[in-house]
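Dropping the structure in here first, questions after.
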Amino acid sequence: MKKTLSLALLALCALGANAADGKENPNKPVFTVVKQNPITSVKDQNRSGTCWDYSTLSFFEAEILKATGKTYDLCESFVANKTYMDRAVQVVRLHGDAQFAQGGSCYDPLYAIQHYGICPEDAMPFPGSLYGDSLNNYNEFFSVMSPYVESVAKSTAKKISNQWKVGLQGIIDAYLGKCPENFTYQGKSYTPQSFASSLGLDWNNYTTFTSYTHHPFWTAFAVEVQDNWRNPHSWNVPIDELSKIIDNAIMNGYTVAWGGDVSEDGFTRQGLAYMYDTKKIEGMEGSDMAHWLKLSTAKKKSIVDSLGVNVPEVTPTQKMRQERFDNWELTDDHGMLIYGIAKDQNGKEYYMVKNSWGETGEYKGTWYMTKNFIVANTMDFMVNKNAVPKDIRKKLNF
């Protein structure tokens, strides 16, 4: 097996050279859609750590499409405005013993909608427009806001006033815009709360799932990552149930708000994600292995890209997920929307995933991510309770 793989890799070095000469890689994936659910347009979070905001509102937009057939563009700035103030309040309450950062979880937009409502995109300034940009750019915004919050949280005063909130709200509004108290949409007047109520969704209908062994299965716990700062609980299920839930959701017309790790080498900027088995790729014998180790990162990538649909993948296990979580290898760094299933020319299945980086990559904002990659790198995901298989719902009593 190893010798065969070594020969294949050496041959693919030539294929990589052919690709550089303009010849098509015969191992490039050719996708056939198995199931594709309706979604709204691809957005661009640009230079902001708001994937949690974009992906989850995209999820709710897809939920509205399924429930009512209507297309909405919900406002990420509204959610960010409310969420950053709430997060600052928590940091101050804890005297700075908590992280104030751009990130969040899929629960944050749900919480914001349940407690503050929501508005359409055009009820607030277009992202970036208030400071002369064409899209979000949070670099200056957070360089101003973060030290402000820290100075209050670390204050040596015996008592602080509420005026710090007034000042912080001014900063937030200056960069994101003020959240409207009233607005008109398609000829009707709304408050954010009445608009949320008009969208046709039951906001209590959503739950999240994860899979780790440091908590009992079939119970719920708050996943221990810093951006899960509100500490909502996720249902803990065995690893095999993760893809079972996602598959059931997709095949029944639902989408999934996914949060996980895209820092792996197998996640490419071209719109693909594989859970590379690097030991098999690098595990060549004798001089072949020595040759591999001497290759540049770019050359290794070229060989792996040449493998295409034939790249060897790791089959994730429960033990692997736990070890990678505990050693900080499995991180919580991105949120996306799973909306379909496709298969390549070899019959391998992939999830079709909507990103929030604009219409980038070969598939114009969609990533094709293998099921192995998703299962291995899931931190948690949100789904409509009605999309969960009946046997799992029965075990969880909902």
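Placing +1 at every Lys and Arg Cβ and -1 at every Asp and Glu Cβ, with all other atoms neutral, what dipole size does the range 131-268 have around its Cα centre, in debye to the nearest 20?
Dipole magnitude for the range 131-268 comes out near 860 debye.
So, one more: Quick one: helix 51-68 against the long Cα principal axis of the chain, what's the angle to the nearest 10°, folded into 0 to 90?
So the inclination is approximately 80 degrees.
Long-range amide H contacts for PHE267: which residues qualify at under 5 Å (H placed 1.01 Å from N, peptide plane, sequence gap of 5 or more or a different chain)?
Sorted by chain and number, the residues that satisfy this are TYR274.
Relative to the longest principal axis of the C-alpha atoms of the chain, give the angle of the C-alpha long axis of helix 239-251, reported between 0 and 90° and rounded to the nearest 10°.
70
With +1 on the Cβ of every Lys and Arg and -1 on the Cβ of every Asp and Glu, and nothing else charged, how large is the dipole of the range 241-380 about its Cα centre, in debye rounded to the nearest 20?
The calculated dipole for the range 241-380 is roughly 280 debye.
Between SER189 and SER161, what's the calculated FRET efficiency when r is the beta-carbon distance and R0 is 30 Å? Round to 0.05.
0.25
Could you sort ASP305, ASP53 by their accessible area in this structure, using a 1.4 Å probe and putting the largest first?
ASP305, ASP53
Could you work out how far apart the two model spin labels at VAL89 and SER198 are, taking each label as a point 7 Å from the Cα in the direction of the beta carbon, and quote it in nm?
Each label point lies 7 Å from its Cα, and together they span 2.6 nm.
Continuing with this model, one more query. If the cut-off is a Cα-Cα distance under 13 Å, which aspartates and glutamates reach LYS70, setting aside same-chain residues fewer than 8 apart in sequence?
Cα-Cα hits under 13 Å: GLU61.
Going highest first, how would you order 260-266, 102-108, 343-349, 182-188 by mean Cβ packing within 10 Å?
By packing density, highest mean first, the sequence is 102-108, 260-266, 343-349, 182-188.
From the Cα gyration tensor of the range 233-344, with a ≥ b ≥ c the square roots of its eigenvalues, which class applies: rounded if a/c is under 1.5, or else prolate if a/b is larger than b/c, or else oblate?
prolate
Further question: Which residue, GLU282, GLU181, GLU323, has the most motion in a Gaussian network model of the chain that connects Cα atoms within less than 10 Å?
GLU181
Using Cα centres only, tell me the gap between the range 309-346 and the range 38-115 in whole Å.
That distance is 24 Å.
Assuming 0.36 nm per residue, please report the length gained on full extension of the stretch GLN114 to ASP265 beyond their Cα-Cα distance.
Answer, rounded to one decimal: 50.6 nm.
Right, next: Note the angle between two axes, namely the Cα long axis of helix 139-153 and the longest principal axis of the Cα atoms of the chain, as a number of degrees from 0 to 90, rounded to the nearest 10.
60
Quick one: if you stick a label point 7 Å off each Cα along the C-beta vector at ASN252 and THR213, how many nm between them?
3.0
Then there is this: Carbon-plus-sulfur fraction of the accessible area of the range 58-164, 1.4 Å probe, in percent?
49
Restricting to bridges with both residues inside the chain, how much of the DSSP beta-bridge set is antiparallel, in percent to the nearest 5?
The antiparallel fraction comes to roughly 90 percent.
Work out, step by step, the length gained on full extension between ALA174 and LYS395: first 0.36 nm times the residue separation, then minus their alpha carbon distance; give nm to one decimal.
That works out to 74.8 nm of additional length.
If you don't mind, there's one more thing I want to ask. State, to one decimal in nm, how far the label point of SER41 lies from the label point of ALA220, with both points 7 Å from Cα in the Cβ direction.
3.6
List the relative contact order of the chain as a percent without decimals, with contacts defined as Cα pairs under 8 Å and 6+ residues apart.
That works out to 25 percent.
Taking Rg and Dmax of the Cα atoms in Å as the quantity of interest, determine which of [x] 22.9, 73; [y] 22.0, 66; [z] 25.1, 86 was computed from the displayed structure.
[x]
Take THR210, THR156 and sort them by solvent-accessible surface of the protein heavy atoms, 1.4 Å probe, largest at the top.
If we order THR210, THR156 from most to least accessible, we get THR156, THR210.
If the label point is 7 Å along Cα→Cβ of ASP122, which residues in the range 68-106 have backbone nitrogen under 12 Å from it?
73
Calculated from DSSP H runs of 4 or more alone, at -39500 (n - 2.57) each and per residue, what is the 222 nm mean residue ellipticity of the chain, nearest 500?
Helix-only estimate at 222 nm: -12500 deg cm²/dmol.
Keeping all protein chains in place, calculate the accessible area per residue for the chain (probe 1.4 angstrom), answer in Å².
Accessible area per residue, the chain: 46 Å².
The values are calculated or read from the model by the stated rules, or taken from the named source; none is laboratory data. Since the model is a prediction, treat every value here as computed from it, not as a measurement. Please note: Cβ atoms are built from the backbone with ideal geometry, for glycine as well, and neighbour counts cover all protein chains shown. Note: accessible area is taken over every heavy atom of the protein model, side chains too, but ligands, DNA and RNA are not part of it. Shrake-Rupley method; radii C 1.70, N 1.55, O 1.52, S 1.80 Å.
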